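Encoded as structure tokens, the structure appears first; notes follow it.
The values are calculated or read from the model by the stated rules, or taken from the named source; none is laboratory data. The structure displayed is predicted, hence computed values, not measured ones. When we count neighbours, we look across all protein chains shown, and the Cβ atoms used for this are built from the backbone with ideal geometry, even at glycine.
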Amino acid sequence: MSPGTEPSSLNLRALIRDIPDFPEPGILFRDITPLLGNGPAFREACDRLVERFRGEGVEAVATIESRGFTFGAVIAYQLGVGVVPVRKAGRLPSDTFSASYHLEYGEAVLQVHRDAISPGQRVLVIDDLLATGGTATATLELIERLGGELAGFGFLIELLELGGRQRLAGHRVEALLEL
């Protein structure tokens, strides 16, 4: 095995809290704040995501608001590339493109600055969680509208029962934990 690819000695799953009925009844929220608060675990999660995409020609990391910002900025730093913030509607100050998507419990709109990605630029999308795939597909739509090329999707957690990976068929999807 090469450095950085050894099996983990940390149980990342043990640091994710399940919160039933949040933000509304029937939703099981996966709270990653205990993992974020554990320095060695947070470092390991970021390192493991970086290793999955190192050498893949990533030129930018698109980070999805809000928990994706935490991982995406670290991963971009480690890869030596810039960050493209993908934000909820109305939070970016310059000209934007928008894409709408469905959540488990509603609808929302994501935006990116029109000058955030150059044509042909290889962009890695990072978020904390793959659920239904709505935010990921909306982010992909924004990248493609700007002429970027998707390098792949990286997630801390994939919720298998919600089938988000199927919506991303044909694209590289990496998740550290499957729940």
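Do the conditions hold for Leu156, that is, is it under 15 Å from Glu59 (Cα atoms) and not small (Gly, Ala, Ser)? Even if it seems obvious, please write down each step before you answer.
Working: under 15 Å from Glu59 (Cα atoms): no; not small (Gly, Ala, Ser): yes.
It is false that Leu156 is under 15 Å from Glu59 (Cα atoms) and not small (Gly, Ala, Ser).
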remark   = Counting only strands (runs of 3 or more DSSP E) entirely within region 1-116, those with at least 1 residues that are surrounded by 14 or more Cβ atoms within 10 Å (Cβ to Cβ) are 28-31, 60-64, 82-88, 96-103, 106-113
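Can you say whether Pro34 is in contact with a Lys or Arg (Cβ under 7 Å, 6 or more places away or on another chain), at pLDDT 95 or above and of a type outside the set (Phe, Trp, Tyr), as far as the supplied structure shows? I'd like the intermediate steps shown before the answer.
Numbers: in contact with a Lys or Arg (Cβ under 7 Å, 6 or more places away or on another chain): yes; at pLDDT 95 or above: yes; of a type outside the set (Phe, Trp, Tyr): yes.
Considered against the rule, which asks whether it is in contact with a Lys or Arg (Cβ under 7 Å, 6 or more places away or on another chain), at pLDDT 95 or above and of a type outside the set (Phe, Trp, Tyr), Pro34 comes out as yes.
Can you find even one residue in region 127-141 that is more than 15 Å from the chain's Cα centre (by Cα), among the acidic types (Asp, Glu) and surrounded by fewer than 21 Cβ atoms within 10 Å (Cβ to Cβ)?
Pass one, region 127-141, residues more than 15 Å from the chain's Cα centre (by Cα): none.
Looking through region 127-141, none of the residues is more than 15 Å from the chain's Cα centre (by Cα), among the acidic types (Asp, Glu) and surrounded by fewer than 21 Cβ atoms within 10 Å (Cβ to Cβ).
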request  = Taking Leu142 as the residue in question, decide whether it is touching an Asp or Glu at 6+ places or on another chain (Cβ under 6 Å) and of a type outside the set (Asp, Glu).
outcome  = no
message = I'd like to check something: does region 75-83 contain any residue that is at positive phi and at pLDDT 95 or above?
response = yes
